[in-house]
Amino acid sequence: MANPLPSLSIAPLPTLGFWAATAIVVASMVGTGVFTSLGFQVAGMPSIFPLLLLWIVGGVVALCGALCYGELAAAMPRSGGEYHYLSVIYHPAIGFLSGWASATVGFAAPVALAALALGEYVQRIYPSASVRGLALIVVLVLALIHSRSVRLGGRVQVVLTTLKVGAVLLLIGAAFWSGTAVVLPATGTAPIPGDWALITGPSFAVSLVYVSYAYSGWNAAAYVTSEIRDPQRTLPRVLLVGTLLVAALYVGLNYAFLRVTPLAELNGQLEIGLLAAQRLFPAPLARLMALTIAALLTSTISAMTFAGPRIVQAIGEDVPALRFLAFRQPGSGVPLRALGFQTLLTLGFVVSGSFRQVMVYAGFILSLFTFLTVAGVLVLRQQRPELPRPYRTWGYPLTPLLFLLLNGWTLWFLIRQQPYESLAGLATLLVGLPLYYLLTRRATA
């Protein structure tokens, strides 16, 4: 039986409108993955059609997930994302494990990774710059901005995301209209002999892991539900519009990369955006574009810095032993202690640099909980048919079933092909389970 919907002990401050919440979704998604992962995909699949199909499939998965999350968010309008949904649908322990994973891995590690990527891009232009020093400064400055007020953080996010989308559109437009030599094969984007073998083979599955990581963040607005004005009406639109916009940008951007940069030059490279910019613009403008891409990563860091602490804060509301983390700053409503907790974890990742395999490691953990959450749409329809649902998933039940099929296939492949990262992810969860029972037992005592 589903757990009752919890009431909030601390009144939320709904100050985010449609555009601010959409900016959080877009900024959370458009980040490290799309500017770094294409080279790894080319290494396994040196063919245009499968490469573009990857990003289309990734967009379909993200869109199906967003449609399902929209129903849950409208039916259970409270910040916390998967933590809140899984606690209600399954058991508070499952929700706690999701929150534990998000608090320790899901936000802090990708924020650190994006900050370090920013430092790497800047160092390519200014070799004397310190990668870790820049990463630390950016993380601290954005944490300070988001500690001031929810409204200020939302406005900053809109500005940064607008700049990010503008820069991506500039790259796409330049690839089509700059007069740069096109390096696509004579067949263009059409499939060629051997493509279907690539699509059904292990290389496609490996690459889909990277693409899924690049699309991660489509559910970011669900973490700040309580701070969105009229969330039952606004949030489903935010998730849908944000995901569709990013999917279009991703397919267009990767087509632009492939249109002007030879596959051999992309093979195994990280600085995909810089390689394309060097072919599209004169040297000074190419360097400026590299700095612009670094600035784009600032938007990603900002979005995750805003959304992540809301999970920690929601856990603090529900677990008495962690109540201190639920503290909201009087007046501004910022979950200050939760923000400080995530910032400290992020700084630790930046300094230690111990997360080289974070893309697969974090991807496995987060995919597992999105799988359970989307399955929860089916479960909740059976357990709580009377629950008011201002928004119902479009295409139900095919939409959640398609998501579960593709996501489950990826998880199965990860367990078989990447056992070390998968086991490390499961170990992280196993650490959280005794912690949950210890904390709840202390609260009962």
Item to check | Residue that is modelled with the lowest pLDDT [pool: residues in region 38-79 that are of a type in the set (Gly, Ala, Ser) and more than 16 Å from Thr243 (Cα to Cα)] | outcome: Ser79
Checklist entry - Could you list, in sequence order, the residues of region 382-409 that are crowded, with 19+ Cβ neighbours inside 10 Å and of a type in the set (S, T, N, Q)? => result Thr393, Thr399, Asn407
Item to check | Candidate set from region 291-310 (those that are aliphatic (A, V, I, L, M) and modelled with pLDDT of 80 or more); member that is farthest from Arg328 (Cα to Cα) | outcome: Leu291
Item to check | Filter result for the condition that a residue is modelled with pLDDT of 80 or more, closer than 26 Å to Ser98 by Cα and surrounded by fewer than 24 Cβ atoms within 10 Å (Cβ to Cβ), over Gly333, Gly340 | outcome: Gly340
Checklist entry - Would a scan of region 347-357 turn up a residue that is surrounded by fewer than 20 Cβ atoms within 10 Å (Cβ to Cβ), under 17 Å from Leu113 (Cα atoms) and among the charged types (D, E, K, R)? => result yes
Item to check | Members of region 60-109 found to be polar (S, T, N, Q) and more than 21 Å from Ser212 (Cα to Cα), listed by number | outcome: Ser79, Ser87
Checklist entry - Take the residues of region 412-423 that are of a type in the set (A, V, I, L, M, F, W, C) and surrounded by fewer than 19 Cβ atoms within 10 Å (Cβ to Cβ): which is modelled with the lowest pLDDT? => result Phe413
Checklist outcome for this item: (1) at pLDDT 85 or above; (2) surrounded by fewer than 22 Cβ atoms within 10 Å (Cβ to Cβ); (3) within 30 Å of Val374 (Cα to Cα) all hold for Val165 apart from (1)
Item to check | Count - residues of region 386-411 that are part of a helix (DSSP H, G or I) and either modelled with pLDDT under 85 or not polar (S, T, N, Q) (or both) | outcome: 12
Checklist entry - How about region 54-110: which of its residues are farther than 20 Å from Val312 by Cα and of a type in the set (Val, Ile, Thr)? => result Ile56, Val57, Val60, Val61
Item to check | In region 45-62, the residues that are more than 24 Å from Phe403 (Cα to Cα) and either in contact with a His (Cβ under 7 Å, 6 or more places away or on another chain) or in a helix (DSSP H, G or I) (or both) | outcome: Ile48
Item to check | Criterion (in contact with a Gly (Cβ under 6 Å, 6 or more places away or on another chain) and either surrounded by fewer than 16 Cβ atoms within 10 Å (Cβ to Cβ) or among the polar types (S, T, N, Q) (or both)) met by exactly one of Gln278, Gln269 | outcome: Gln269
Checklist entry - From the list Tyr391, Tyr436, which one is in contact with a Phe, Trp or Tyr (Cβ under 7 Å, 6 or more places away or on another chain), more than 26 Å from Val209 (Cβ to Cβ) and not aliphatic (A, V, I, L, M)? => result Tyr436
Checklist entry - Is there a residue in region 204-214 that is β-branched (Val, Ile, Thr) and not in a helix (DSSP H, G or I)? => result no
Next on the checklist: Only one of Leu325, Leu258 is modelled with pLDDT under 85 and out of contact with any strand residue (DSSP E or B) (no Cβ under 9 Å at 6 or more places or on another chain). Can you tell me which?
Outcome noted: Leu325
Checklist entry - Take the residues of region 73-120 that are surrounded by 24 or more Cβ atoms within 10 Å (Cβ to Cβ) and aromatic (Phe, Trp, Tyr): which is nearest to Phe349 (Cα to Cα)? => result Phe107
Item to check | Lone unmet requirement of (1) closer than 30 Å to Leu406 by Cα; (2) part of a helix (DSSP H, G or I) for Pro77 | outcome: (2)
Checklist entry - Within region 346-366, can one find any residue that is in a loop (DSSP other than H, G, I, E, B), more than 30 Å from Ser203 (Cα to Cα), at pLDDT below 85 and within 23 Å of the chain's Cα centre (by Cα)? => result no
Item to check | Matching option when the condition is more than 15 Å from Ser299 (Cβ to Cβ), touching a residue at least 40 places away in the same chain (Cβ under 8 Å), touching a Gly at 6+ places or on another chain (Cβ under 6 Å) and in a helix (DSSP H, G or I), among Leu97, Leu140, Leu136, Leu116 | outcome: Leu97
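The values are calculated or read from the model by the stated rules, or taken from the named source; none is laboratory data. Computed from a predicted structure; not experimentally measured. Cβ atoms come from the backbone with ideal geometry, glycine included; neighbour counts cover every protein chain shown.
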